[in-house]
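Undergrad: Okay, here's the structure, questions in a sec.
The values are calculated or read from the model by the stated rules, or taken from the named source; none is laboratory data. All of these numbers come straight from a predicted model, not from anything done at the bench. All Cβ positions, even for glycine, are placed from backbone atoms using ideal geometry, and neighbour counts span all protein chains on display. Just so you know, the surface numbers come from the protein's heavy atoms only, side chains and all, with ligands and any DNA or RNA stripped out. Shrake-Rupley method; radii C 1.70, N 1.55, O 1.52, S 1.80 Å.
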Amino acid sequence: MEKSELDFSIERLGVCSIPSPVQGIRFMDDDGRVLYFSCLEEMQPWLDSGSPPPAMEAAGPSGKIFFDPSRIACGIVTCGGICPGLNDVIRAIVLSLHYHYGVQKVYGFRFGYAGLVERLGLPPLELTPDSVSRIHEIGGTILGSSRGPQEPAEMVTTLEKLKIGILFAIGGDGTLRGAQKIAEEAKRRGLQISVIGIPKTIDNDISYIKTTFGFETAVAEARRATYAANTEADAARNSIGLVKLMGRDSGFIAAYSVLVNSHVNFCLVPEVPFSLSGFLEALKRRLERKSHAVIVVAEGAGQDLMAKTGERDASGNIKYGDIGIFLREAISDYFKQARMEINLKYIDPSYMIRSVPANPHDAAFCLLLGQSAVHAGMSGRTNMVVSFWNHQFTHVPITLAVSQRKKIDPQSMLWNSVLAVTGQPDMI
Ligand code: ATP
Ligand code: MG
């Protein structure tokens with residue numbers, strides 16, 4: 001890892017000179033840092049050269065803040081696909097701004113970045129502690145979401161008109177790239193607007209962030225699908241349960257689902273290529289041996305086996321072929337030709353997984369994420385995301401968070417554990 005890749009310096013709008021109005025909690029030391037590495041061996045080159053090892057700012061409330069809470073409004077926007085916990089994060093931000101800092105106006109922009117463009121006629125909602133009090137009990141986002149690009153100049157004009165001091169952008173890699181452009185445009189115009197990202201990715205694929213909110217809920221929900229697949233597969237001879245889970249470029253949900261339900265026999269993820277014949281032959285051997293099998297496939301796995309769709313969504317993301325349907329057909333054809341009668345049950349719980357409310361762990365996680373985002377914004381930090389790293393909430397520059405996608409390393413402990421549980425062979 002190059003040292004320059006690990007620059008976690010956070011941009012600031014200016015000096016913090018206003019005493020924080022936050023009562024009854026311990027302020028953070030502004031120099032608090034969380035180590036990037038957790039193993040001594042990885043850190044050794046830095047220690048040998050006498051330079052401080054890479055570390056992220058620890059999140060939390062500062063004794064002195066940048067913004068005068070009585071003079072700013074704040075805005076919240078959610079973009080991209082939905083994810084468990086979005087409403088929890090919105091609620092946590094509104095409550096913290098109101099009760100901790102006394103910010104009087106919080107706007108909720110409607111339907112993603114489109115809600116920041118005045119000419120599109122989507123006036124923002126005013127969010128108050130009363131209006132958000134029970135929103136964490138429901139899934140989705142009360143603000144609505146969207147895909148598709150908007151002009152940073154138009155969005156910043158809206159922020160300026162509404163006297164927004166801090167914009168909280170909750171979304172995935174696309175949203176964070178958009179947030180970065182808004183921060184740059186505000187800076188170009190000399191406006192003091194802080195842009196704080198809260199990473200939302202059910203796939204858990206954003207770099208420099210150990211876990212993202214909603215991921216644990218997603219794995220818990222996915223377990224219901226793998227449980228059903230296993231129960232079905234167990235109940236008849238030569239039975240196959242096939243479950244497709246989310247995971248466009250990173251198979252974390254699929255991998256963790258295997259660990260929480262160790263009845264799964266094959267886990268197919270985008271990071272580990274396989275050939276159709278290798279997979280089908282291994283499946284046949286498994287059926288001959290055990291008479292049933294459970295397969296979990298991440299949506300981005302095996303894309304090289306199918307014809308490209310050639311389509312993109314409104315944000316320019318490539319539309320993937322449906323690997324679940326593809327495998328269902330391929331498995332049926334293969335066993336028909338092999339004159340072996342099988343019983344195949346296909347389960348695709350994708351939209352059911354992402355639409356549920358956050359589970360207790362995620363609810364607490366979202367609350368702390370939202371509060372950390374508010375503290376970061378009030379201190380005038382900008383162009384950053386709130387991360388969770390080495391068991392603590394931290395700050396990461398947006399540039400780093402979107403620099404590359406986080407993927408499963410096939411050499412890692414995680415993937416090795418998956419292989420140890422499934423016993424699946426190399427299927428190239
Ligand atoms: P998901 O994980 O659901 O894909 P996402 O945030 O990546 O979430 P996108 O639809 O890709 O979802 O992007 C959300 C918003 O961010 C859209 O309005 C999109 O136009 C905008 N956006 C995406 N990429 C960029 C970019 N490079 N620059 C500016 N805006 C962007
Ligand atoms: Mg995305």
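Undergrad: Could you compute how fast region 1-64 diffuses translationally, taking Rh as the Kirkwood radius over C-alpha pairs and applying Stokes-Einstein at 10 °C with viscosity 1.306 mPa s? Give it in µm² per second.
TA: The calculation lands on 113 µm²/s.
Undergrad: May I pose another question? Under 10 Å, Cα contacts only: if you run a Gaussian network model on the chain, which one of T309, T128, T217 comes out with the highest mean-square fluctuation?
TA: Checking each option, the largest mean-square fluctuation is seen for T309.
Undergrad: Ratio to report: Rg/Rh of region 293-428, with Cα atoms as the point set and Rh obtained by the Kirkwood method; give two decimals.
TA: 1.06
Undergrad: Using only alpha carbon pairs under 8 Å that are at least six residues apart, calculate the relative contact order of the chain and give it in whole percent.
TA: Once normalised by length, the contact order is 23 percent.
Undergrad: Using the basic label-point model (7 angstrom from Cα toward the beta carbon), what is the L191 to T309 distance in nanometres?
TA: With each label point 7 Å from Cα toward Cβ, the separation is 3.5 nm.
Undergrad: While we're looking at this one, here's another question. What distance in nm separates the simple spin-label points at N317 and N390, each placed 7 Å from Cα in the Cβ direction?
TA: The two pseudo-label positions are separated by 3.1 nm.
Undergrad: If you rank E271, E281 by how much accessible surface each has, with a 1.4 Å probe, what is the order from largest down?
TA: Listed by decreasing accessible area, they come as E281, E271.
Undergrad: Percent of alpha carbon pairs in region 157-238 separated by more than 16 Å?
TA: Percentage above 16 Å: 64.
Undergrad: Percent of Cα-Cα pairs per 10 Å bin, from 0 to the last occupied bin, for region 107-189, please list those.
TA: 16, 52, 27, 5, 0
Undergrad: Could you state how much accessible area F27 has, in square angstrom rounded to the nearest 10, with a 1.4 Å probe and all protein chains kept in place?
TA: Rounded to the nearest 10, that gives 70 Å².
Undergrad: Roughly what would the spin-label model give for D7 and A153, points 7 Å off Cα along C-beta, in nm?
TA: Spacing of the two 7 Å Cα→Cβ label points: 2.9 nm.
Undergrad: Rounded, prolate or oblate: pick one for region 1-143, where a ≥ b ≥ c are the square roots of the eigenvalues of its C-alpha gyration tensor, a/c under 1.5 means rounded, and failing that, prolate if a/b is larger than b/c, else oblate.
TA: prolate
Undergrad: Among the listed pairs K200/K407; K181/K244; K187/K407; K244/K308, which are separated by more than 23 Å between their Cα atoms?
TA: K181/K244; K187/K407
Undergrad: Which aspartates and glutamates, on any chain, are close to K161 with Cα under 14 Å apart, when same-chain ones fewer than 8 places away are left out?
TA: Reachable aspartates and glutamates: E118.
Undergrad: Between D426 and S70, how high is the FRET efficiency from 1/(1 + (r/R0)^6) when r is the Cβ-Cβ distance and R₀ = 51 Å? Nearest 0.05.
TA: Approximately 0.20, to the nearest 0.05.
Undergrad: Sticking with this structure for a sec: Over the chain, what portion of Cα pair distances is larger than 41 Å, expressed as a whole percent?
TA: The share of Cα pairs beyond 41 Å in the chain comes to 22 percent.
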